[in-house]
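Here, each number is a calculation from the coordinates, and none is a lab measurement. Note that this is a predicted model, so its numbers are computed, not measured. Here Cβ is always computed from backbone atoms with ideal geometry, including for glycine, and neighbour counts include all displayed protein chains.
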Amino acid sequence: MAYEFKLPDLPYAYDALAPHMSAETLEFHHDKHHAAYVTNANKLLAGSGLEDKDEITIIRESFGSNPGLFNNAAQVFNHTFFFDGMKPGGGGDKLPGKLAEMIDRDLGGFAKFREDFINAGVTQFGSGWAWLAVKDGKLEIMKTPNAENPFVHGATPILACDVWEHAYYIDYRNLRPKFLEVWLDNLVNWEFAEANLEAAL
């Protein structure tokens, strides 16, 4: 059975993240950008030799060998992961136990994690992503260009922030640092991150 990329519904209403992320941003980001990656990934998967693989295997095996398929397949995953990693009334420094414990152990505590995560997103030149990931049993902050994600760098993603301009330009214009601050303080679904952490260990 050939794999088919799908566009999942958002896990909240389009206006649920306002005022931190507008309905207009989510309508464009999910219904236009994310949807286009799904359409293109399915077109490029046909005839690639990877049709019978699962999503993560397609991403890993197309990296470096089939850039068109990789870019679209990875962006389908990245966007679903990004949207699922937010919730109304999210963010802040009240983290679930295991996640809080490992941020203290591996990343120097929440305040340092927040500063370093924002810095990763701000210093990702051009388009890309900031990630919290697990590698070799430890948490680390990563930044990746364009469609790349932790899977192609030997790590497992826990949380992602999209720093492509289409993720924030309607609401924040060129103020990427402000977007990252607001995202961490008001939008992150820490329970989603905790569940991903537990699954990765």
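Computed over the Cα atoms of the stretch 89-201, the ratio of the radius of gyration to the Kirkwood radius (Rg/Rh) comes to 0.94.
Note on Asp93 and Phe28: with the Förster distance fixed at 30 Å, the Cβ-Cβ geometry gives a FRET efficiency of about 0.50. With R₀ set to 35 Å, the beta-carbon distance separating Ser65 from Leu201 gives a calculated FRET efficiency near 0.70. Projecting the alpha carbon convex hull of the stretch 23-84 along each direction and taking the average yields 4.1 nm². Oblate is the label for the stretch 1-143, because a/c, from the alpha-carbon gyration tensor with a ≥ b ≥ c as root eigenvalues, is 1.5 or above and a/b does not exceed b/c. Charge dipole (Cα centre; +1 on Lys/Arg Cβ, -1 on Asp/Glu Cβ; no other charges) of the stretch 97-200 amounts to roughly 240 debye.
The modelled label-to-label distance for the pair Glu51/Tyr12, using points 7 Å beyond Cα in the direction of Cβ, is 3.9 nm. For the chain, a crude dipole built from +1 on the beta carbon of Lys and Arg and -1 on the beta carbon of Asp and Glu, taken about the Cα centre, is about 380 debye to the nearest 20.
Under 14 Å from a label point set 7 Å out along the Cα-to-Cβ vector of Glu140, the amide N atoms of the stretch 148-168 belong to 149-158. Extension gain for Glu191 to Asp116 (0.36 nm times residue separation, less C-alpha to C-alpha distance): 24.9 nm.
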